[in-house]
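Asks: Quick one: structure below, then a few questions.
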Amino acid sequence: MHSFRIHALWAVLLAPPAFAADVVTSGTIAVGGGGALLDGDRPSYQQIHQQKKDGFGGIEEFLLIREGKDDILKFDLRLLPGNDDYRVAVRYEKMEKYYIDGGFDQFRVWYDGSGGYFRPTDTSFVMFPEDLSLTRSKLWLEAGVYLPGETLLRARYERRARDGTKSSTAWADSNLVGTAGTRSIVPSFYDIDEVTNTFTVDLGNDVKEDVKWNVGTRYSETELDNKRNIRRRPYETADRIVTHKDQTTTDMFTMHGFYLRKLSEKLTLSGGALRTTLDSHLAGSRIYGQTYDPVYDPVYIRRQQRDEGFYDLGGDAEIRQTVLNLNAVYVPKKNWSVRPSVRFENMHQETMSHFVETNISSGPAFTAIIEEVEAEHKKDWDEFAGAVDVRYTGLPNWTFSGEAEWIHGEGNLEEERTLHTGVLTIDRDMENTRSMQKYSLNSNWYPRSGLTVAVQYYFKANQNDYDARRDNTLVGTGDRYPAFITDQDFETNDFNIRVSWRPASLLSFVTRYDYQQSKIISQEADLQKVDSSTLTSHIFSESATWSPTGRLFLNANVNVTYDQLETPAFAFVKNGDNNYITGAIGGGYALAKLDDVYLDYNWFNAKNFVDTSATFLPYGVSQKYQGAYITWVRRQTENLIYTVKYGYVSNRDGTWAGLNDFDAHVLYGRVQYRF
């Protein structure tokens, strides 16, 4: 059967009309492969390079195009075992009549499942194979037909999936760190199984200059069967495993449309609307035991006080969202343009759930506490937004523009949590208000040929107010969130300048400098308003390209980032520096008529690690990565090209005290034929 399908496919692609005089057939086939000789940590290498250490090889590209007088057929194929990278796609189009497009894509994404590292006692954990990976795939089929007036009716089905394992930052705890107490350094991982099916139908016309429109609908359904696997206190008397499941299913239905009309040479109007309904069924659990994916047992071995979990989660959630917008482009006179816009959004959200909550009391009995719980959540939100953009191009060698944006939203949030005994543990009614304003100025200057200067500045401010009209929780209790936040404001100032300079015909530079300062001002219940954090960023980048001769070109770029986070909690968390340098240098040289050689070197360097592990969680990153490559390309004929590449890469990760270090020799080869 498989052989029959292959022959049938070739029969379609190379049918007799392909040899007719008015049909042109062309394409490319490329076969390649590579791998690495690795010394060091395999998961770290695979995550950074997104390539399987053991190697890959196969058909990198097979592209066949058959062009007729009024139709075109494209066939695209990729088969790369090892990297699990596959693609097959076919598109047939009858010009101005219809088209059919379908295919399948799949690739793998690698993750490093390393946990934390405690330096004072040289403690780390490996609880499972750390070379984790997810397979991501997409299957689609689309068809379109052109109706009278160049209107396109399009229908599409798409299926996306993720399956496999990936790392989690929710590390578990351990007491095996000497006298330091408890540290959360034990790695955990996700087991992912997600599928989304989407159906889309659109009808529209965007060919005409003065009138454009589109209406459409979209339905998607998503099924999750995800697990987060956590092992707490391994190799201790309190060793136990937590499995947290998310088995939510979601249905989303969307209708949308827009209409644009050019009323005159001075005025163009457009408007759009969106209506979305999202219905979800909640399911899942968080259960402790001695194995992954256990059944709940109230007397499970090694239970500990405050082992909180739940099971038999059930419930429904719905979101109803409506968005309306109106835009205009107005040209009052030459060199001026004004672009105003307004938007309104209404959202209503309701969630009702029930579950069995589990907990463990204090020792020595460690008795299980089991309570049936019901919870309800309601949220209403209205938001109005406006913006205006003004541009002026009347001065020689100058352009100016400015934009202002405003958003104001108001809503209400109600939350209730009731035990089976009738006790109302959470009864909250909050009014929320959010306002945003942003102002930006931009200018481009062209002082002479080959020189451009672009400058931009913007200011952005957000104000968020939370007013608890009714709240039965007390200050300092665990259920206080989010009611303990009463006011939170954000302010950002950003300035950047870019200079593009071509001093000679074969030499060019691009220089950019960015400065940004962001502040968060917070106020919690019964406390004074404080500057909770200030982030200051300086980013400098430079790139240069030079071709001193017809056979040689050189390019280089560097990016220097200096980020400084200041907080009143400095004594506990230190300042969160995020300073690093990235760069690359490359070039190419024509050795002979048929042969070219290319050299590339790139690096990343960060030195921000602050070792405070003796007292609390360490902060920052210390890592140095560099890679050097040489590539030889031989153009044997106009149609046949050989490529051979060798690289040496090195990673030194001081954050993990060398546990994620590696050195690798990377090999790659490719043969390409065009016909």
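The values are calculated or read from the model by the stated rules, or taken from the named source; none is laboratory data. Values in this document were obtained by computation on a predicted structure and should not be read as measured data. Every residue, glycine among them, receives a Cβ derived from its backbone with ideal geometry; neighbour counts consider all protein chains shown. Side chains included, ligands, DNA and RNA excluded: accessible areas come from the protein's heavy atoms. Shrake-Rupley method; radii C 1.70, N 1.55, O 1.52, S 1.80 Å.
Asks: Report P(r) for the stretch 283-432: all Cα-Cα distances, bin width 10 Å, range 0 to the bin holding the largest distance, values in whole percent.
Replies: It works out to 9, 22, 19, 15, 12, 10, 8, 4, 0, in whole percents.
Asks: Let me ask you something else. To one decimal place, what orientation-averaged projected area in nm² is obtained for the convex hull of the Cα set of the stretch 189-277?
Replies: Dividing the Cα hull surface by four gives the mean projection, 9.4 nm².
Asks: In addition: What number results when the radius of gyration of the stretch 502-555, computed over Cα atoms, is divided by 2.2 N^0.38 Å?
Replies: Against the compact-globule rule of thumb, the ratio is 2.25.
Asks: Could you calculate, for the stretch 289-347, the ratio of the Cα radius of gyration to the Kirkwood radius, expressed as Rg to Rh?
Replies: The Rg/Rh ratio comes out at 1.56.
Asks: Taking Cα centroids, how far is the stretch 243-284 from the stretch 605-675 in Å?
Replies: After rounding, the separation between the Cα centres reads 41 Å.
Asks: Quick one, can you get me the convex hull of the C-alpha atoms of the stretch 230-349 expressed as volume per residue in Å³?
Replies: For the stretch 230-349, the hull spanned by Cα atoms encloses 172 Å³ per residue.
Asks: Between the stretch 114-181 and the stretch 334-400, how many Å separate their Cα centres?
Replies: What the calculation gives is 24 Å, centre to centre.
Asks: In a solvent-free Debye calculation with one equal scatterer on each Cα, what is log10 I(q)/I(0) for the stretch 83-225 at q = 0.10, 0.14, 0.17, 0.19 Å⁻¹, listed in the order of the q values?
Replies: Summing over Cα pairs of the stretch 83-225 leads to -0.58, -0.81, -0.98, -1.09.
Asks: Please report Rg (one decimal) and Dmax (integer) in Å for the Cα set of the stretch 410-522.
Replies: My reading of the Cα-based Rg and Dmax gives 24.9, 82 Å.
Asks: Report the label-to-label distance for Leu594 and Arg469 in nanometres (one decimal), using points 7 Å from each Cα along the Cα→Cβ vector.
Replies: 8.3 nm
Asks: Further question on the same structure: Taking the Cα centre of the stretch 500-575 as origin, sum charge times position over the Cβ atoms of Lys and Arg (+1) and Asp and Glu (-1), and report the length of that vector in debye to the nearest 20.
Replies: 500 debye
Asks: Go through the stretch 356-366 residue by residue and turn each phi into a ³J(HN,Hα) via Karplus (6.51, -1.76, 1.60, θ = phi - 60°); whole Hz please, and just put x for glycine and proline.
Replies: Per-residue couplings from phi come out as 9, 8, 10, 7, 10, 7, 6, x, x, 6, 6 Hz.
Asks: State whether the stretch 98-159 is rounded, prolate or oblate according to the following rule on the C-alpha gyration tensor (a ≥ b ≥ c being the square roots of its eigenvalues): a/c under 1.5 gives rounded; otherwise a/b larger than b/c gives prolate, and the remaining case gives oblate.
Replies: The shape class here is prolate.
Asks: Now a separate question. Once you place label points 7 Å from the Cα toward the Cβ at Thr291 and Val621, how far apart are they in nm?
Replies: Label-label distance for Thr291 and Val621, simple model: 3.9 nm.
Asks: For the stretch 405-459, just run the numbers: alpha carbon Rg, then divide by 2.2 N^0.38 Å, N being how many residues it has.
Replies: Normalised by 2.2 N^0.38 Å, the Cα Rg of the stretch 405-459 equals 2.50.
Asks: Moving on. Two-decimal Rg/Rh of the stretch 394-436 from alpha-carbon positions, Kirkwood Rh?
Replies: Radius of gyration over Kirkwood radius for the stretch 394-436 works out to 1.58.
Asks: Relative to 2.2 N^0.38 Å, what does the C-alpha radius of gyration of the stretch 46-94 come to as a ratio? Two decimals please.
Replies: That ratio works out to 1.58.
Asks: Assuming 0.36 nm per residue, please report the length gained on full extension of the stretch Val453 to Thr399 beyond their Cα-Cα distance.
Replies: Residue separation times 0.36 nm, minus the Cα-Cα distance, leaves 18.4 nm.
Asks: From the cross-link list Lys519/Lys607; Lys334/Lys438; Lys519/Lys624; Lys74/Lys97; Lys74/Lys208; Lys266/Lys334, which pairs have alpha carbons spaced over 19 Å apart?
Replies: Lys519/Lys607; Lys334/Lys438; Lys519/Lys624; Lys74/Lys208, as the Cα separations exceed 19 Å there.
Asks: Note the full-extension length gain between Tyr157 and Ala385 as 0.36 nm times their separation in residues minus their Cα-Cα distance, in nm to one decimal.
Replies: 78.7 nm
Asks: What whole-number value in Å² describes the accessible area per residue of the chain for a 1.4 Å probe?
Replies: Per residue, the chain has 54 Å² of solvent-accessible surface.
Asks: State, to one decimal in nm², a quarter of the convex hull surface area for the C-alpha atoms of the chain, i.e. the direction-averaged projected area.
Replies: 38.2 nm²
Asks: Regarding the stretch 536-675, what are the three Cα extents along the principal axes, ordered largest first, in Å?
Replies: Cα extents, longest axis first: 67, 32, 24 Å.
Asks: With r as the distance between the Cβ atoms of Val356 and Val126 and R0 = 41 Å, compute the FRET efficiency 1/(1 + (r/R0)^6) and round to 0.05.
Replies: Once rounded, the FRET efficiency stands at 0.75.
Asks: A follow-up question, please. What's the magnitude of the charge dipole for the chain around its Cα centre, counting Lys and Arg as +1 and Asp and Glu as -1 at the beta-carbon? Answer in Debye, nearest 20.
Replies: Charge dipole, the chain, about its Cα centre: 2920 debye, nearest 20.
Asks: Could I ask something else about it? Run the accessible area of the chain with a 1.4 Å probe and give the carbon-and-sulfur part as a rounded percent.
Replies: Within the chain, the accessible surface is 57 percent carbon and sulfur.
Asks: Is the stretch 622-667 rounded, prolate or oblate when judged by the Cα gyration tensor, a ≥ b ≥ c being the square roots of its eigenvalues, rounded requiring a/c under 1.5 and prolate requiring a/b larger than b/c?
Replies: prolate
Asks: Quick one: Debye curve from the C-alpha atoms of the stretch 588-635, no solvent, what's log10 I(q)/I(0) at q = 0.14, 0.17, 0.31 Å⁻¹?
Replies: Log10 I(q)/I(0), no solvent term: -0.55, -0.63, -1.03.
Asks: Hey, if you put +1 on the Cβ of every Lys and Arg and -1 on every Asp and Glu Cβ in the chain, which of Phe604, Gly116, Val671 ends up farthest toward the positive end of that dipole?
Replies: Selected residue: Val671.
Asks: Could you list the residues of the stretch 68-100 with an amide nitrogen less than 15 Å from a label point located 7 Å from the Cα of Val24 in the Cα-to-C-beta direction?
Replies: Correct set: 68-74.
Asks: Restricting to DSSP H runs of at least four residues, report the calculated mean residue ellipticity at 222 nm for the chain, -39500 (n - 2.57) per run over all residues, nearest 500 deg cm²/dmol.
Replies: -1000 deg cm²/dmol
Asks: Can you tell me the dipole magnitude for the stretch 126-219 around its Cα centre, using point charges on the Cβ only (Lys, Arg +1; Asp, Glu -1), in Debye to the nearest 20?
Replies: Value, rounded to 20: 60 debye.
Asks: Quick one: plug the Kirkwood hydrodynamic radius of the stretch 208-257 (C-alpha pairs) into Stokes-Einstein at 10 °C, 1.306 mPa s, and report D in µm²/s.
Replies: 103 µm²/s
Asks: Which percent of the Cα-Cα distances in the stretch 32-132 go past 21 Å?
Replies: When every Cα pair of the stretch 32-132 is considered, 56 percent fall beyond 21 Å.
Asks: Next question. Strictly greater than 20 Å: what percent of every Cα pair in the stretch 125-207 meets that?
Replies: Considering the stretch 125-207, 61 percent of its Cα-Cα pairs are separated by more than 20 Å.
Asks: Separate question: Please report the antiparallel percentage of the DSSP beta bridges confined to the chain, to the nearest 5.
Replies: 100 percent
Asks: Compare the Cα positions of Phe662, Tyr580, Asn639 along the charge dipole of the stretch 526-675 (+1 at Cβ of Lys, Arg; -1 at Cβ of Asp, Glu; about the Cα centre) and return the one farthest towards the positive end.
Replies: The one lying farthest along the dipole's positive direction is Asn639.
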